[in-house]
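**Student:** A single structure is presented below for examination.
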Amino acid sequence: MKVTVRDLDVKNKTVLLRVDFNLPMDDYQNIIDDKRVILELPTIKYLIENDAKIIICSHLGRPEGKRVEKYSLRPVCKHLSNLLNKEIQFIDDFTKKGVKQIVSNMKPGDVVMLENLRFYKGEEENDENFAKKLASLADIFVQDAFACTHRKHASTYAIAKLLPNAIGFLIQNELEAFDKILVNPEKPFVAVLGGAKVKDKLPIIENILDKVDTIIIAGGMSYTFIKALDGEVGNSIVDESKIDYCKKVLNLAKQKGVKIELPCDNIATKEFSPNAKIKKFNSGFLDKEYQGMDIGKKSIKKFCKILQSAKTILWNGPVGVYEFKKFRKGTIALAKCIAKSNAYSIIGGGDSVASVKDLHIEHKISHISTGGGASLELLQGKGLPGIEIINDK
Ligand code: AMP
């Protein structure tokens, strides 16, 4: 168990809070989605109410060690200030003279925000001197940037060695949710894995085989499995280098009594384009010139039936080419099934999260993870360096 912000005495202490305010922005620096800020409010409010002096820091985009105006956190600072109804001083360059004075003048409950940490080379290089400069501003480090914890950067890793530290509420919620499915899941536990990158998902399958009852494998990754079972997949995406790995995982699943469910029908096209003419095929029988773009009606029915009786559901990755509206039907149908179910449900991964957002059914999902890469690594059974470095209780 990690030390949480509640375990530390923060009264009158200066707390450096690492958050993930890497928000989607338009070309005019307007925030498109402030979900990550909203989810951070409980930690910030707790620190304010408990008389800490709070220095918020984050990255935004990929400025690669240079000052790039479109990646400034200033608009996010303004937005947070409005949400909290509180003045927040924005610090343009924390390495400048005078900043220490600003910090030492802070009163309990005051909040300041630093400019994008990736404007400095030392951040992504996990540079110790850069971390020391950051650490010199504060008494305590609070890690709450879950989506960045798979990376060893100065503000997510090196800094934790320099200050007393804790996790914030956002990370605490993420860890509790993943523990629910990875430690003692209520059965039946059904995992739905989709998306294109079979190489990312195979280690997840291996890691959860001892916990799940059924794994539904769909989307682009399913064609490598179907090919491993000698099915005909036409022009569908296949990772040839992972066919043997798929065979190994299928055998392991069989030994452990885990059911692997693949699509039974597919919507396929000759071209990979949004309006391509479709043809339906039974899975494993695609014509040479066709590629699978979505699952068909029979697969939707079969998968939804399995999901109906689940008590725990994990979903990662779309079951079709979600970017093209015409090929969203399978993903949308599964999102609705999961929302309807009474199971404890976790969703991670860009397109699966997008589908529940598009359908406005986020509130019907038990936990929507904020960390794409970080949640993948957690599901693969890997440790997250940015969390491992935080002190245990
Ligand atoms: P991942 O990052 O592995 O979760 O993959 C997400 C991507 O998988 C999305 O961009 C989808 O368009 C893609 N995808 C899902 N199904 C298919 C498919 N049948 N053929 C090609 N790409 C797919």
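The values are calculated or read from the model by the stated rules, or taken from the named source; none is laboratory data. It should be emphasised that the depicted structure is a prediction, and the values quoted were computed from it without experimental measurement. Quick reminder, even Gly has a Cβ in these numbers, built from the backbone with ideal geometry, and neighbours come from all protein chains shown.
**Student:** Which condition number in (1) free of Cβ contacts under 8 Å to residues at least 60 places away in the same chain; (2) loosely packed, with under 14 Cβ neighbours inside 10 Å; (3) out of contact with any Asp or Glu (no Cβ under 8 Å at 6 or more places or on another chain) is the one that residue 34 fails?
**Tutor:** All conditions are met except number (2).
**Student:** Do the conditions hold for residue 162, that is, is it more than 17 Å from residue 380 (Cα to Cα), touching a Lys or Arg at 6+ places or on another chain (Cβ under 7 Å) and modelled with pLDDT of 95 or more?
**Tutor:** So residue 162 passes the test.
**Student:** Can you pull out the helices (runs of 4 or more DSSP H) entirely within the stretch 316-393 that have at least 1 residues that are over 24 Å from residue 38 (Cβ atoms) and aliphatic (A, V, I, L, M)?
**Tutor:** Details: elements: 329-340, 350-358, 372-379, 385-388.
Of the helices (runs of 4 or more DSSP H) lying wholly inside the stretch 316-393, those with at least 1 residues that are over 24 Å from residue 38 (Cβ atoms) and aliphatic (A, V, I, L, M) span 329-340, 372-379.
**Student:** Here is a follow-up. Check the stretch 229-252 and report whether any residue there is more than 16 Å from the ligand (Cβ to nearest atom), assigned to a loop (DSSP other than H, G, I, E, B) and not polar (S, T, N, Q).
**Tutor:** yes
**Student:** Find all pairs meeting these conditions: Cβ atoms under 9 angstrom apart; at least six residues apart or on different chains; first residue within the stretch 199-214 and within 19 Å of residue 303 (Cα to Cα); second residue within 11 Å of the ligand (Cβ to nearest atom).
**Tutor:** 201/193; 201/194; 201/195; 201/221; 201/316; 201/317; 201/376; 205/193
**Student:** For the stretch 189-204, which positions are of a type in the set (A, V, I, L, M) and either within 7 Å of the ligand (Cβ to nearest atom) or assigned to a loop (DSSP other than H, G, I, E, B) (or both)?
**Tutor:** The answer is 196, and nothing else.
**Student:** I need every pair where a residue in the stretch 328-354 that is of a type in the set (S, T, N, Q) has its Cβ under 7 Å from the Cβ of a residue that is away from the ligand (no atom under 12 Å from the Cβ), sequence separation at least 6 or different chains.
**Tutor:** Note: pairs meeting the criteria are 341/307; 341/308; 341/310; 341/313; 345/313; 345/338; 345/365; 345/366.
**Student:** For the stretch 111-120, does any single residue satisfy the condition of being within 26 Å of residue 167 (Cβ to Cβ), surrounded by fewer than 19 Cβ atoms within 10 Å (Cβ to Cβ) and either over 22 Å from the mean Cα position of the chain (by Cα) or acidic (Asp, Glu) (or both)?
**Tutor:** Within the stretch 111-120, not a single residue is within 26 Å of residue 167 (Cβ to Cβ), surrounded by fewer than 19 Cβ atoms within 10 Å (Cβ to Cβ) and either over 22 Å from the mean Cα position of the chain (by Cα) or acidic (Asp, Glu) (or both).
**Student:** Can I ask one more? Is the stretch 322-339 home to any residue that is within 30 Å of residue 168 (Cα to Cα), touching a helix residue (DSSP H, G or I) at 6+ places or on another chain (Cβ under 6 Å) and surrounded by fewer than 23 Cβ atoms within 10 Å (Cβ to Cβ)?
**Tutor:** yes
**Student:** Could you look through the stretch 122-136, keep only residues that are of a type in the set (D, E, K, R) and touching a Phe, Trp or Tyr at 6+ places or on another chain (Cβ under 8 Å), and pick out the one that is surrounded by the most Cβ atoms within 10 Å (Cβ to Cβ)?
**Tutor:** Selected residue: 123.
**Student:** Of these, 209, 229, which one is aliphatic (A, V, I, L, M) and either under 26 Å from residue 39 (Cβ atoms) or within 25 Å of the chain's Cα centre (by Cα) (or both)?
**Tutor:** Of the residues listed, the single one that is aliphatic (A, V, I, L, M) and either under 26 Å from residue 39 (Cβ atoms) or within 25 Å of the chain's Cα centre (by Cα) (or both) is 209.
**Student:** Considering only the stretch 205-228, state which residues are more than 17 Å from residue 285 (Cβ to Cβ) and either among the charged types (D, E, K, R) or part of a helix (DSSP H, G or I) (or both).
**Tutor:** Listed by number, the residues that qualify are 205, 206, 207, 208, 210, 211, 213.
**Student:** Let me ask something else about it. Which number in (1) within 14 Å of residue 88 (Cβ to Cβ); (2) in a loop (DSSP other than H, G, I, E, B) marks the one condition that residue 27 misses?
**Tutor:** It is condition (1) that residue 27 fails.
**Student:** Something else about it: Could you list all residues from the stretch 265-288 that are assigned to a loop (DSSP other than H, G, I, E, B) and away from the ligand (no atom under 15 Å from the Cβ)?
**Tutor:** 275, 277, 287, 288, listed by residue number.
**Student:** On to the next question. Identify all residues within the stretch 50-100 that are touching a strand residue (DSSP E or B) at 6+ places or on another chain (Cβ under 9 Å), under 20 Å from residue 126 (Cβ atoms) and among the β-branched types (Val, Ile, Thr); write none if there are none.
**Tutor:** Within the stretch 50-100, 55 is the sole residue that qualifies.
**Student:** OK, next. I'd like the residue in the stretch 209-256 that is out of contact with any Ser or Thr (no Cβ under 6 Å at 6 or more places or on another chain) and of a type in the set (Phe, Trp, Tyr) and, out of all such residues, is surrounded by the fewest Cβ atoms within 10 Å (Cβ to Cβ).
**Tutor:** Top of the filtered list is 245.
**Student:** Go through (1) more than 9 Å from the ligand (Cβ to nearest atom); (2) over 19 Å from the mean Cα position of the chain (by Cα); (3) hydrophobic (A, V, I, L, M, F, W, C) for residue 313 and report which single condition fails.
**Tutor:** Evaluating residue 313 over (1) more than 9 Å from the ligand (Cβ to nearest atom); (2) over 19 Å from the mean Cα position of the chain (by Cα); (3) hydrophobic (A, V, I, L, M, F, W, C) leaves (2) as the failure.
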